[in-house]
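The structure under discussion appears below in the form of C-alpha coordinates.
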Amino acid sequence: MEEKIITPENAQPEKKKKILSCIQPSGIPTLGNYLGALKNWKLLSDEFDSAFAVADLHAITVRQDPKKLRQQITEVFALLLAIGLDPEKSIIFIQSQVPAHAQLAWILNCYTQFGEMARMTQFKDKSQSHADNVNVGLFSYPVLMAADILLYQADLVPVGADQKQHLEIARDIASRFNGIYGKTFTIPDPYIGKQGARVMSLHDPTKKMSKSDPNPKSFISVFDEPNTIMKKIRSAVTDSEGGVYYGEGKEGINNLMGIYSCCTGLTMEQIEKDFAGKGYGDFKNAVGEAVVEELRPVRERYNMLMKDQAYLMDMAAKGAETASRIADRTLHKAMKKCGFIVK
Ligand code: AMP
Ligand code: TRP
(Lines give C-alpha, C1' and ligand atoms only; values in the text may rest on other atoms or scores of the structure.)
(Ligands and ions follow the chains in the order given, each with its own letter.)
Protein backbone atom coordinates (compact mmCIF):
# COMPACT_ATOMS: atom_id res chain seq x y z
CA MET A 1 0.00 0.00 0.00
CA GLU A 2 1.24 3.44 -0.83
CA GLU A 3 2.43 5.36 2.16
CA LYS A 4 0.34 8.38 2.89
CA ILE A 5 2.35 11.49 3.47
CA ILE A 6 0.81 13.81 5.98
CA THR A 7 1.27 17.48 5.18
CA PRO A 8 -0.22 20.49 6.94
CA GLU A 9 -2.73 20.70 4.06
CA ASN A 10 -4.13 17.17 4.33
CA ALA A 11 -3.60 16.57 8.01
CA GLN A 12 -6.84 15.60 9.75
CA PRO A 13 -6.80 17.19 13.15
CA GLU A 14 -6.86 14.25 15.54
CA LYS A 15 -10.35 13.81 16.91
CA LYS A 16 -10.52 15.16 20.43
CA LYS A 17 -11.25 12.57 23.09
CA LYS A 18 -14.43 12.96 25.06
CA ILE A 19 -14.53 13.25 28.81
CA LEU A 20 -17.43 13.34 31.22
CA SER A 21 -17.59 13.73 34.95
CA CYS A 22 -20.29 14.47 37.50
CA ILE A 23 -20.45 15.80 41.03
CA GLN A 24 -23.16 15.09 43.56
CA PRO A 25 -24.95 18.08 45.08
CA SER A 26 -24.39 16.84 48.60
CA GLY A 27 -23.21 19.90 50.51
CA ILE A 28 -20.69 22.60 49.70
CA PRO A 29 -17.52 21.11 48.19
CA THR A 30 -14.26 21.41 50.08
CA LEU A 31 -10.77 22.53 49.13
CA GLY A 32 -10.15 18.77 48.70
CA ASN A 33 -12.89 18.46 46.07
CA TYR A 34 -11.54 21.59 44.40
CA LEU A 35 -7.85 20.69 44.26
CA GLY A 36 -8.52 16.96 43.78
CA ALA A 37 -11.23 17.16 41.14
CA LEU A 38 -12.77 20.46 40.07
CA LYS A 39 -9.56 22.33 39.27
CA ASN A 40 -8.55 19.45 37.00
CA TRP A 41 -11.90 19.57 35.22
CA LYS A 42 -11.13 23.12 34.19
CA LEU A 43 -7.71 22.06 32.82
CA LEU A 44 -9.19 19.00 31.08
CA SER A 45 -11.94 21.07 29.49
CA ASP A 46 -9.24 22.98 27.57
CA GLU A 47 -7.88 19.75 26.13
CA PHE A 48 -10.92 17.52 25.52
CA ASP A 49 -14.52 17.59 24.37
CA SER A 50 -16.14 17.71 27.75
CA ALA A 51 -19.42 17.35 29.59
CA PHE A 52 -19.92 17.99 33.31
CA ALA A 53 -23.06 17.43 35.32
CA VAL A 54 -24.59 17.88 38.73
CA ALA A 55 -25.55 14.29 39.60
CA ASP A 56 -28.76 15.12 41.44
CA LEU A 57 -30.49 11.80 40.66
CA HIS A 58 -27.66 10.10 42.53
CA ALA A 59 -28.23 12.30 45.57
CA ILE A 60 -31.66 10.82 46.44
CA THR A 61 -30.15 7.39 47.11
CA VAL A 62 -29.91 8.81 50.63
CA ARG A 63 -32.86 10.77 52.08
CA GLN A 64 -32.77 14.49 51.21
CA ASP A 65 -34.76 17.46 52.37
CA PRO A 66 -36.39 18.74 49.11
CA LYS A 67 -35.82 22.42 49.87
CA LYS A 68 -32.20 21.83 50.77
CA LEU A 69 -31.64 19.60 47.77
CA ARG A 70 -33.03 22.24 45.40
CA GLN A 71 -30.70 24.82 46.94
CA GLN A 72 -27.66 22.53 46.73
CA ILE A 73 -28.31 21.64 43.08
CA THR A 74 -28.34 25.35 42.25
CA GLU A 75 -25.20 26.00 44.31
CA VAL A 76 -23.21 23.21 42.70
CA PHE A 77 -24.36 24.19 39.21
CA ALA A 78 -23.23 27.78 39.93
CA LEU A 79 -19.94 26.39 41.22
CA LEU A 80 -19.28 24.58 37.94
CA LEU A 81 -19.53 27.93 36.16
CA ALA A 82 -17.58 29.70 38.92
CA ILE A 83 -14.54 27.42 38.59
CA GLY A 84 -14.24 28.70 35.05
CA LEU A 85 -15.92 25.98 32.97
CA ASP A 86 -17.15 27.67 29.84
CA PRO A 87 -20.68 26.76 28.64
CA GLU A 88 -19.56 27.61 25.10
CA LYS A 89 -16.86 24.95 25.27
CA SER A 90 -18.23 22.31 27.66
CA ILE A 91 -21.69 20.90 28.14
CA ILE A 92 -22.67 21.80 31.70
CA PHE A 93 -25.98 20.45 32.92
CA ILE A 94 -28.15 19.06 35.68
CA GLN A 95 -28.63 15.30 35.36
CA SER A 96 -32.36 15.17 36.23
CA GLN A 97 -33.10 17.65 33.40
CA VAL A 98 -31.93 15.09 30.84
CA PRO A 99 -34.48 12.23 30.96
CA ALA A 100 -32.25 9.88 28.94
CA HIS A 101 -30.15 9.21 32.07
CA ALA A 102 -33.01 7.54 33.94
CA GLN A 103 -34.21 5.83 30.76
CA LEU A 104 -30.87 4.26 29.86
CA ALA A 105 -30.28 3.37 33.50
CA TRP A 106 -33.45 1.24 33.44
CA ILE A 107 -32.31 -0.59 30.32
CA LEU A 108 -28.81 -1.16 31.70
CA ASN A 109 -30.30 -2.48 34.96
CA CYS A 110 -31.55 -5.40 32.89
CA TYR A 111 -28.01 -6.10 31.66
CA THR A 112 -26.42 -6.01 35.11
CA GLN A 113 -26.25 -8.93 37.47
CA PHE A 114 -27.36 -8.75 41.09
CA GLY A 115 -24.06 -10.28 42.18
CA GLU A 116 -22.05 -7.56 40.42
CA MET A 117 -23.80 -4.82 42.36
CA ALA A 118 -23.73 -6.70 45.65
CA ARG A 119 -19.93 -6.62 45.76
CA MET A 120 -19.58 -2.84 45.31
CA THR A 121 -17.67 -1.58 48.33
CA GLN A 122 -19.47 1.77 48.38
CA PHE A 123 -22.83 -0.02 48.56
CA LYS A 124 -21.57 -2.14 51.43
CA ASP A 125 -20.28 0.95 53.28
CA LYS A 126 -23.37 3.06 52.65
CA SER A 127 -25.81 0.32 53.57
CA GLN A 128 -24.07 0.26 56.93
CA SER A 129 -24.00 4.02 57.44
CA HIS A 130 -27.66 4.37 56.27
CA ALA A 131 -28.95 1.09 57.68
CA ASP A 132 -32.48 2.46 58.02
CA ASN A 133 -32.78 3.16 54.28
CA VAL A 134 -31.03 0.51 52.20
CA ASN A 135 -33.11 1.25 49.09
CA VAL A 136 -32.87 -0.34 45.65
CA GLY A 137 -31.61 2.97 44.19
CA LEU A 138 -28.59 2.84 46.50
CA PHE A 139 -27.99 -0.68 45.26
CA SER A 140 -28.20 0.12 41.54
CA TYR A 141 -26.48 3.53 41.76
CA PRO A 142 -23.47 2.34 39.70
CA VAL A 143 -25.84 1.47 36.84
CA LEU A 144 -27.11 5.06 36.77
CA MET A 145 -23.49 6.20 36.78
CA ALA A 146 -22.78 3.85 33.86
CA ALA A 147 -25.72 5.41 31.98
CA ASP A 148 -24.29 8.91 32.63
CA ILE A 149 -20.99 7.91 31.11
CA LEU A 150 -22.15 5.73 28.21
CA LEU A 151 -24.77 8.20 26.93
CA TYR A 152 -21.99 10.63 25.99
CA GLN A 153 -19.70 7.93 24.54
CA ALA A 154 -17.01 9.21 26.93
CA ASP A 155 -13.46 7.95 26.34
CA LEU A 156 -12.21 9.20 29.70
CA VAL A 157 -13.84 9.73 33.05
CA PRO A 158 -11.95 11.78 35.67
CA VAL A 159 -12.81 10.22 39.02
CA GLY A 160 -11.32 9.83 42.46
CA ALA A 161 -9.94 6.45 43.48
CA ASP A 162 -13.19 5.76 45.40
CA GLN A 163 -15.14 5.69 42.13
CA LYS A 164 -12.81 3.37 40.24
CA GLN A 165 -14.85 0.27 41.01
CA HIS A 166 -17.98 1.94 39.63
CA LEU A 167 -16.13 2.80 36.45
CA GLU A 168 -15.04 -0.79 36.02
CA ILE A 169 -18.68 -1.85 36.23
CA ALA A 170 -19.57 0.73 33.58
CA ARG A 171 -16.95 -0.85 31.33
CA ASP A 172 -18.28 -4.34 32.03
CA ILE A 173 -21.88 -3.34 31.29
CA ALA A 174 -20.86 -1.57 28.07
CA SER A 175 -18.78 -4.55 26.87
CA ARG A 176 -21.60 -6.94 27.65
CA PHE A 177 -24.16 -4.87 25.75
CA ASN A 178 -21.77 -4.41 22.80
CA GLY A 179 -21.07 -8.15 22.87
CA ILE A 180 -24.76 -8.99 22.50
CA TYR A 181 -25.85 -6.28 20.04
CA GLY A 182 -22.70 -5.02 18.30
CA LYS A 183 -20.85 -1.81 19.06
CA THR A 184 -23.20 0.60 20.78
CA PHE A 185 -21.13 2.21 23.55
CA THR A 186 -17.55 3.48 23.81
CA ILE A 187 -15.67 1.65 26.58
CA PRO A 188 -14.56 4.39 28.99
CA ASP A 189 -11.19 4.57 30.74
CA PRO A 190 -10.73 6.07 34.20
CA TYR A 191 -8.70 9.23 34.40
CA ILE A 192 -7.24 9.38 37.88
CA GLY A 193 -5.68 12.72 38.78
CA LYS A 194 -2.31 13.25 40.38
CA GLN A 195 -1.74 11.56 43.73
CA GLY A 196 -0.41 14.85 45.11
CA ALA A 197 -3.87 16.37 45.00
CA ARG A 198 -5.18 14.32 47.93
CA VAL A 199 -6.00 16.84 50.63
CA MET A 200 -6.16 15.64 54.23
CA SER A 201 -8.20 16.85 57.20
CA LEU A 202 -6.69 19.89 58.96
CA HIS A 203 -7.66 18.38 62.29
CA ASP A 204 -6.52 14.80 61.67
CA PRO A 205 -4.11 14.70 58.73
CA THR A 206 -4.28 10.91 58.51
CA LYS A 207 -7.88 11.24 57.27
CA LYS A 208 -9.13 12.63 53.94
CA MET A 209 -10.57 16.15 54.10
CA SER A 210 -14.32 15.65 53.87
CA LYS A 211 -17.36 17.93 53.93
CA SER A 212 -19.21 15.38 56.06
CA ASP A 213 -16.63 15.68 58.87
CA PRO A 214 -18.52 16.79 62.02
CA ASN A 215 -15.65 19.15 62.93
CA PRO A 216 -15.98 22.23 60.64
CA LYS A 217 -12.38 23.26 61.45
CA SER A 218 -11.14 20.10 59.73
CA PHE A 219 -12.11 21.27 56.25
CA ILE A 220 -12.09 24.41 54.15
CA SER A 221 -15.19 24.99 52.07
CA VAL A 222 -14.68 26.53 48.62
CA PHE A 223 -16.89 29.42 49.73
CA ASP A 224 -15.15 30.18 53.04
CA GLU A 225 -14.27 33.84 53.49
CA PRO A 226 -10.55 34.80 53.64
CA ASN A 227 -10.46 35.31 57.42
CA THR A 228 -12.13 31.92 58.00
CA ILE A 229 -9.58 30.26 55.72
CA MET A 230 -6.68 31.95 57.55
CA LYS A 231 -8.08 30.90 60.93
CA LYS A 232 -8.59 27.28 59.87
CA ILE A 233 -5.09 26.98 58.39
CA ARG A 234 -3.52 28.61 61.46
CA SER A 235 -5.23 26.07 63.70
CA ALA A 236 -4.26 23.10 61.50
CA VAL A 237 -2.65 20.25 63.44
CA THR A 238 1.14 19.99 62.87
CA ASP A 239 3.93 18.47 64.97
CA SER A 240 6.35 19.62 67.62
CA GLU A 241 9.46 19.45 65.46
CA GLY A 242 9.22 22.87 63.91
CA GLY A 243 10.83 22.39 60.45
CA VAL A 244 9.06 22.83 57.13
CA TYR A 245 10.09 19.67 55.28
CA TYR A 246 8.36 16.58 53.96
CA GLY A 247 8.76 13.53 56.13
CA GLU A 248 7.40 10.62 58.08
CA GLY A 249 5.41 11.52 61.19
CA LYS A 250 4.85 15.01 59.74
CA GLU A 251 1.46 14.35 58.14
CA GLY A 252 0.13 17.79 59.09
CA ILE A 253 3.05 19.64 57.47
CA ASN A 254 3.09 17.23 54.51
CA ASN A 255 -0.58 18.08 53.94
CA LEU A 256 -0.02 21.84 54.16
CA MET A 257 2.94 21.52 51.80
CA GLY A 258 0.74 19.57 49.37
CA ILE A 259 -1.94 22.26 49.52
CA TYR A 260 0.64 25.03 49.08
CA SER A 261 2.20 23.19 46.15
CA CYS A 262 -1.19 22.76 44.41
CA CYS A 263 -2.00 26.46 44.85
CA THR A 264 1.39 27.91 43.87
CA GLY A 265 2.80 25.30 41.48
CA LEU A 266 5.99 25.12 43.60
CA THR A 267 7.61 21.70 44.10
CA MET A 268 8.16 20.23 47.58
CA GLU A 269 11.91 20.92 47.25
CA GLN A 270 11.30 24.57 46.40
CA ILE A 271 8.95 24.93 49.36
CA GLU A 272 11.51 23.35 51.72
CA LYS A 273 14.16 25.77 50.43
CA ASP A 274 11.92 28.83 50.69
CA PHE A 275 10.96 28.02 54.29
CA ALA A 276 14.32 26.73 55.57
CA GLY A 277 14.89 28.19 59.04
CA LYS A 278 11.36 29.59 59.25
CA GLY A 279 8.71 28.50 61.74
CA TYR A 280 5.26 27.01 61.29
CA GLY A 281 3.61 30.38 61.96
CA ASP A 282 5.21 31.93 58.86
CA PHE A 283 4.51 28.86 56.79
CA LYS A 284 0.85 28.66 57.81
CA ASN A 285 0.36 32.33 56.92
CA ALA A 286 1.82 31.68 53.47
CA VAL A 287 -0.36 28.61 52.96
CA GLY A 288 -3.45 30.50 54.13
CA GLU A 289 -2.75 33.37 51.75
CA ALA A 290 -2.15 30.99 48.84
CA VAL A 291 -5.47 29.23 49.51
CA VAL A 292 -7.29 32.57 49.82
CA GLU A 293 -5.89 33.68 46.45
CA GLU A 294 -6.69 30.32 44.85
CA LEU A 295 -10.33 30.40 45.94
CA ARG A 296 -10.93 34.15 45.64
CA PRO A 297 -11.95 34.22 41.95
CA VAL A 298 -14.14 31.15 42.43
CA ARG A 299 -15.95 32.67 45.41
CA GLU A 300 -16.36 36.05 43.72
CA ARG A 301 -17.77 34.57 40.51
CA TYR A 302 -19.99 32.27 42.53
CA ASN A 303 -21.42 35.13 44.59
CA MET A 304 -22.19 37.07 41.42
CA LEU A 305 -23.84 34.08 39.71
CA MET A 306 -26.00 33.27 42.73
CA LYS A 307 -27.47 36.78 42.57
CA ASP A 308 -28.89 36.01 39.13
CA GLN A 309 -30.99 32.87 39.48
CA ALA A 310 -32.77 33.47 36.17
CA TYR A 311 -29.45 33.42 34.33
CA LEU A 312 -28.37 30.25 36.13
CA MET A 313 -31.60 28.42 35.29
CA ASP A 314 -31.33 29.59 31.70
CA MET A 315 -27.77 28.23 31.46
CA ALA A 316 -28.95 24.94 32.99
CA ALA A 317 -31.79 24.67 30.46
CA LYS A 318 -29.39 25.35 27.57
CA GLY A 319 -26.92 22.79 28.89
CA ALA A 320 -29.70 20.20 29.28
CA GLU A 321 -30.89 20.83 25.74
CA THR A 322 -27.43 20.21 24.26
CA ALA A 323 -26.86 17.22 26.53
CA SER A 324 -30.24 15.74 25.56
CA ARG A 325 -29.41 15.93 21.87
CA ILE A 326 -26.31 13.79 22.36
CA ALA A 327 -27.79 11.52 25.03
CA ASP A 328 -30.97 10.79 23.04
CA ARG A 329 -28.93 9.67 20.06
CA THR A 330 -27.22 7.00 22.17
CA LEU A 331 -30.41 6.10 24.02
CA HIS A 332 -32.34 5.55 20.77
CA LYS A 333 -29.53 3.46 19.35
CA ALA A 334 -29.55 1.24 22.44
CA MET A 335 -33.36 1.04 22.47
CA LYS A 336 -33.53 -0.06 18.84
CA LYS A 337 -30.94 -2.74 19.47
CA CYS A 338 -33.05 -4.11 22.32
CA GLY A 339 -36.13 -4.25 20.11
CA PHE A 340 -38.06 -1.16 21.19
CA ILE A 341 -40.01 0.90 18.67
CA VAL A 342 -38.42 4.36 18.78
CA LYS A 343 -40.71 7.24 17.83
P1 AMP B 1 -16.92 13.30 47.53
O2 AMP B 1 -17.23 14.69 47.96
O3 AMP B 1 -16.25 12.52 48.61
O4 AMP B 1 -18.08 12.59 46.90
O5 AMP B 1 -15.80 13.41 46.40
C6 AMP B 1 -16.01 13.77 45.07
C7 AMP B 1 -14.65 13.76 44.37
O8 AMP B 1 -13.83 14.85 44.86
C9 AMP B 1 -13.83 12.50 44.65
O10 AMP B 1 -14.08 11.49 43.72
C11 AMP B 1 -12.40 13.01 44.57
O12 AMP B 1 -11.95 13.03 43.24
C13 AMP B 1 -12.48 14.44 45.05
N14 AMP B 1 -12.12 14.60 46.47
C15 AMP B 1 -12.95 14.57 47.54
N16 AMP B 1 -12.30 14.79 48.69
C17 AMP B 1 -11.00 14.95 48.35
C18 AMP B 1 -9.80 15.20 49.10
N19 AMP B 1 -9.80 15.36 50.43
N20 AMP B 1 -8.64 15.31 48.42
C21 AMP B 1 -8.62 15.17 47.08
N22 AMP B 1 -9.69 14.93 46.33
C23 AMP B 1 -10.88 14.82 46.94
N1 TRP C 1 -20.71 8.77 41.76
C2 TRP C 1 -19.89 9.95 41.64
C3 TRP C 1 -19.49 10.46 43.04
O4 TRP C 1 -20.20 10.21 43.99
C5 TRP C 1 -20.60 11.04 40.90
C6 TRP C 1 -20.99 10.60 39.54
C7 TRP C 1 -22.24 10.30 39.10
C8 TRP C 1 -20.10 10.45 38.43
N9 TRP C 1 -22.20 9.99 37.78
C10 TRP C 1 -20.92 10.04 37.33
C11 TRP C 1 -18.72 10.61 38.27
C12 TRP C 1 -20.37 9.80 36.09
C13 TRP C 1 -18.18 10.35 37.01
C14 TRP C 1 -19.00 9.95 35.93
O15 TRP C 1 -18.51 11.15 43.16
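Which pairs turn up if I take residues in the range 154-167 that are on the phi < 0 side of the Ramachandran plot and of a type in the set (Gly, Ala, Ser) and look for partners that are more than 7 Å from ligand 2 (Cβ to nearest atom) and assigned to a helix (DSSP H, G or I) with beta carbon separation below 7 Å, at least 6 apart in sequence or on another chain?
What qualifies is Gly160/Gly36; Gly160/Ala37.
Could you tell me which of the residues Lys318, Lys284 is open to solvent by 50 Å² or more (accessible area, probe 1.4 Å) and of a type in the set (Lys, Arg)? Spell out how you get there, then give the answer.
Details: Lys284 fails: open to solvent by 50 Å² or more (accessible area, probe 1.4 Å).
Being open to solvent by 50 Å² or more (accessible area, probe 1.4 Å) and of a type in the set (Lys, Arg) holds for just one of Lys318, Lys284, which is Lys318.
Only one of Gly277, Gly242 is surrounded by fewer than 19 Cβ atoms within 10 Å (Cβ to Cβ) and without any contact (Cβ under 8 Å) to a residue 12 or more places away in the chain. Can you tell me which? Spell out how you get there, then give the answer.
Working: Gly242 fails: without any contact (Cβ under 8 Å) to a residue 12 or more places away in the chain.
Sole residue among the options that is surrounded by fewer than 19 Cβ atoms within 10 Å (Cβ to Cβ) and without any contact (Cβ under 8 Å) to a residue 12 or more places away in the chain: Gly277.
Which one is farthest from ligand 1 (Cβ to nearest atom), of the residues in the range 207-228 that are open to solvent by 30 Å² or more (accessible area, probe 1.4 Å) and outside any loop (DSSP other than H, G, I, E, B)?
Asn227
Collect the residues in the range 177-193 that are more than 22 Å from Phe48 (Cβ to Cβ) and outside any loop (DSSP other than H, G, I, E, B), keeping them in residue-number order.
Within the range 177-193, Phe177, Asn178, Gly179, Ile180, Tyr181 qualify.
For the range 255-274, which residues satisfy the criterion of being part of a helix (DSSP H, G or I), of a type in the set (Val, Ile, Thr) and farther than 15 Å from Met209 by Cβ?
Residues of the range 255-274 part of a helix (DSSP H, G or I): 255-264, 268-274.
Next, from what is left, pick out any that are of a type in the set (Val, Ile, Thr): 259, 264, 271.
Matches in the range 255-274: Thr264, Ile271.
Mind checking which residues of the range 176-201 are open to solvent by 20 Å² or more (accessible area, probe 1.4 Å), among the aromatic types (Phe, Trp, Tyr) and either modelled with pLDDT of 95 or more or within 10 Å of ligand 1 (Cβ to nearest atom) (or both)?
Looking only at the range 176-201, we keep the residues that are open to solvent by 20 Å² or more (accessible area, probe 1.4 Å), and these are 176, 178-183, 186-187, 189-196, 198, 200.
Imposing the further condition that a residue be among the aromatic types (Phe, Trp, Tyr) reduces the set to 181, 191.
Once the filter is applied, which keeps residues that are open to solvent by 20 Å² or more (accessible area, probe 1.4 Å), among the aromatic types (Phe, Trp, Tyr) and either modelled with pLDDT of 95 or more or within 10 Å of ligand 1 (Cβ to nearest atom) (or both), the range 176-201 yields only Tyr181.
Could you identify the single residue in Ile28, Ile83, Ile73 that is more than 13 Å from ligand 2 (Cβ to nearest atom) and modelled with pLDDT under 95?
So the residue among Ile28, Ile83, Ile73 that is more than 13 Å from ligand 2 (Cβ to nearest atom) and modelled with pLDDT under 95 is Ile28.
Go through the range 61-119 and give me each residue that's open to solvent by less than 20 Å² (accessible area, probe 1.4 Å) and among the aromatic types (Phe, Trp, Tyr).
Phe77, Phe93
Which members of the range 11-38 meet the condition of being more than 10 Å from ligand 1 (Cβ to nearest atom) and within 11 Å of the chain's Cα centre (by Cα)?
If the condition is that a residue be more than 10 Å from ligand 1 (Cβ to nearest atom) and within 11 Å of the chain's Cα centre (by Cα), then Leu20, Pro25 are the ones that fit.
When you go through Asp204, Asp172 one by one, which is the residue that is open to solvent by 40 Å² or more (accessible area, probe 1.4 Å) and either within 16 Å of ligand 1 (Cβ to nearest atom) or part of a loop (DSSP other than H, G, I, E, B) (or both)?
Numbers: Asp172 fails: either within 16 Å of ligand 1 (Cβ to nearest atom) or part of a loop (DSSP other than H, G, I, E, B) (or both).
Sole residue among the options that is open to solvent by 40 Å² or more (accessible area, probe 1.4 Å) and either within 16 Å of ligand 1 (Cβ to nearest atom) or part of a loop (DSSP other than H, G, I, E, B) (or both): Asp204.
The values are calculated or read from the model by the stated rules, or taken from the named source; none is laboratory data. Keep in mind that what you see is a predicted model, and the values were worked out from it rather than measured. All Cβ positions, glycine included, derive from the backbone under ideal geometry; neighbour counts span all protein chains shown. Each accessible area value is taken on the protein alone, full model and side chains, heavy atoms only, with ligands, DNA and RNA left out. Shrake-Rupley method; radii C 1.70, N 1.55, O 1.52, S 1.80 Å.
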